[in-house]
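**Q** Take this structure, written in structure tokens, and hold onto it; I'll ask about it next.
Just so you know, all these numbers are worked out from the coordinates, no wet-lab data involved. Computed from a predicted model, the values in this text were never measured in an experiment. Note that each Cβ is placed from the backbone with ideal geometry, even for glycine, and that neighbours are counted across all protein chains shown.
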Amino acid sequence: MRKFLMTTAAMALALGVSQGAARAAENVEVLHWWTSGGEAAALDVLKKDLESKGITWTDMPVAGGGGTEAMTVLRARVTAGNAPTAVQMLGFDILDWAKEGALGNLDEIAAKEGWDKVIPGALQQFSKYDGHWIAAPVNVHSTNWLWINKAALDKAGGKEPQSWDELIAMLDNFKAQGITPIAAGGQPWQDATLFDAVVLSLGDDFYKKAFIDLDSATLGSDKMKEAFDRMTKLRSYVDDNFSGRDWNLASAMVIEGKAGVQFMGDWAKGEFIKAGKTPGTDFVCMRFPGTQGAVTFNSDQFAMFKVSADKVPAQLQMASAIENPTFQSAFNVVKGSAPARTDVPNDAFDACGKKAMADLADADKNGRLFGSMAHGHANPAAVKNAIYDVVTRQFNGELSSEDAVKELVSAVEGAK
Ligand code: BGC
């Protein structure tokens with residue numbers, strides 16, 4: 001009897017422990033900045049997918065497009081010794097955390113599922129560190145897009161602008177129609193997103209030398225002055241209330257016909273879709289004039305942090321779920337992005353999604369695919385933030401184009 005009691009107690013203890021372990025193993029805590037309507041709808045696809053596999057989700061949203069605020073919160077969490085299971089992250093930030101030794105290892109699952117063969121090299125350079133998989137890429141976004149209200153474009157003659165001059169003519173027409181020509185959100189990362197496209201519109205080589213190579217002569221060139229002059233021109237088409245406006249509220253202005261166009265990455269499409277709008281009928285997606293055929297990309301990846309052993313199984317299941325081709329299609333259709341895998345069929349995607357996938361493949365093949373400066377795929381955060389600062393001050397009229405060029409050279413030199 002005594003023996004039996006002890007056994008029962010031991011069993012209860014064992015059961016308690018294993019239940020605790022099972023609970024931890026079935027949960028993922030996820031830090032992200034997907035808080036707009038379209039983003040939340042996409043996130044829900046991931047949450048539901050994991051829930052269907054018995055994994056519960058602890059949500060850690062940190063609002064703020066581009067993820068600057070999320071990265072600050074993350075730093076505090078890790079410093080406190082309390083890293084989340086998985087964190088939405090961009091390019092060089094992933095490598096920075098890997099360098100600090102904070103990330104886990106996905107090699108086994110990546111090998112079993114053959115990720116090497118289906119995830120393009122442009123993404124792998126950020127999903128791997130020292131030859132080991134540390135992050136699971138969810139998507140590929142790109143920043144050199146225009147989102148135009150179709151009715152406004154029709155009133156302006158219906159032709160998609162193919163050059164800088166045609167773009168300006170379209171904006172003048174929008175002004176004459178009595179709407180705000182450009183729906184802008186005056187936040188540094190949004191100004192920088194526009195700058196990605198403007199710099200690329202002055203040539204692939206120019207973009208590469210300026211933002212990828214950080215070549216001082218290019219950063220300080222007359223052409224860079226021209227890029228800032230173009231920013232000044234575009235600034236003259238925004239409304240008085242643009243300062244600090246969230247990007248999704250700027251998208252809403254185009255959706256509602258209060259503004260003509262938004263320059264934004266293809267997460268904007270998620271807002272149009274969420275509002276029940278159709279490409280070609282309600283809105284038009286096109287590449288920034290002068291950048292056709294080239295793509296400035298960024299990829300959201302879930303960086304997997306080092307967590308206690310009991311939490312690793314759920315972490316690996318999450319990574320596996322993200323790379324599943326069916327999930328890749330379902331998620332990216334809602335998010336506005338292209339899949340992170342090259343073998344996902346485009347059938348379920350709308351016209352803009354199909355274009356995003358085709359543009360990406362072509363740009364990659366033709367050597368015209370470049371990491372987005374604004375979204376952490378060209379440089380580490382220190383350099384990116386130094387560029388943000390100059391771009392924003394210039395866009396807000398605090399610096400002339402001449403001074404912005406000089407400041408850009410010294411800010412980048414100081415941050416390198
Ligand atoms: C991310 C997108 C996100 C956007 C706005 C970008 O940096 O890659 O997934 O939708 O920021 O929040």
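**Q** Arranged by the count of other C-beta atoms within 10 angstrom, fewest first, what order do HIS132, HIS141, HIS32 take?
**A** HIS132, HIS32, HIS141
**Q** Here's another thing I want to ask about it. Using Cα pairs under 8 angstrom and six or more residues apart, how large is the relative contact order of segment 301-416, in percent?
**A** 14
**Q** Okay, moving on. With angles folded into 0 to 90 degrees, how steeply does helix 325-335 sit against the dominant principal axis of the chain? Use alpha carbons for both and round to 10.
**A** For helix 325-335, the angle is close to 40 degrees.
**Q** Which of PHE327, PHE228 comes first, and how do the rest follow, when ranked by fewest Cβ neighbours within 10 Å? Please list the in-between numbers first.
**A** Numbers: PHE327 19, PHE228 24.
Neighbour counts put them in this order, fewest first: PHE327, PHE228.
**Q** Provide Rg over Rh for the chain; use the alpha carbon set for both Rg and the Kirkwood Rh (inverse mean inverse pair distance).
**A** In the chain, Rg relative to Rh is 1.03.
**Q** Expressed as a whole percent, how much of the Cα-Cα distance distribution for segment 156-243 exceeds 22 Å?
**A** Numbers: 1292 of 3828 pairs.
More than 22 Å apart: 34 percent of the Cα pairs in segment 156-243.
**Q** Can you give the Rg to Rh ratio for segment 265-416, taking only C-alpha atoms and Rh from Kirkwood?
**A** 1.04
**Q** Can you pull a Stokes-Einstein diffusion coefficient for segment 338-416 at 37 °C (0.692 mPa s), Rh from Kirkwood over Cα pairs, as a whole number of µm²/s?
**A** Stokes-Einstein gives a translational diffusion coefficient of 218 µm²/s.
**Q** Sticking with this one: Of the beta bridges DSSP finds with both residues in the chain, what % are antiparallel, to the nearest 5?
**A** Values: 23 of 39 bridges.
Counting only bridges with both partners in the chain, antiparallel ones make up about 60 percent.
**Q** Just to be sure I follow the rule: in segment 233-354, considering lysines 8 or more places apart or on different chains, how many pairs have Cα atoms under 30 Å apart?
**A** So the count works out to 18.
**Q** Using Cα-Cα distances under 8 Å and only pairs 6 or more residues apart, what relative contact order does the chain have, in percent?
**A** 27
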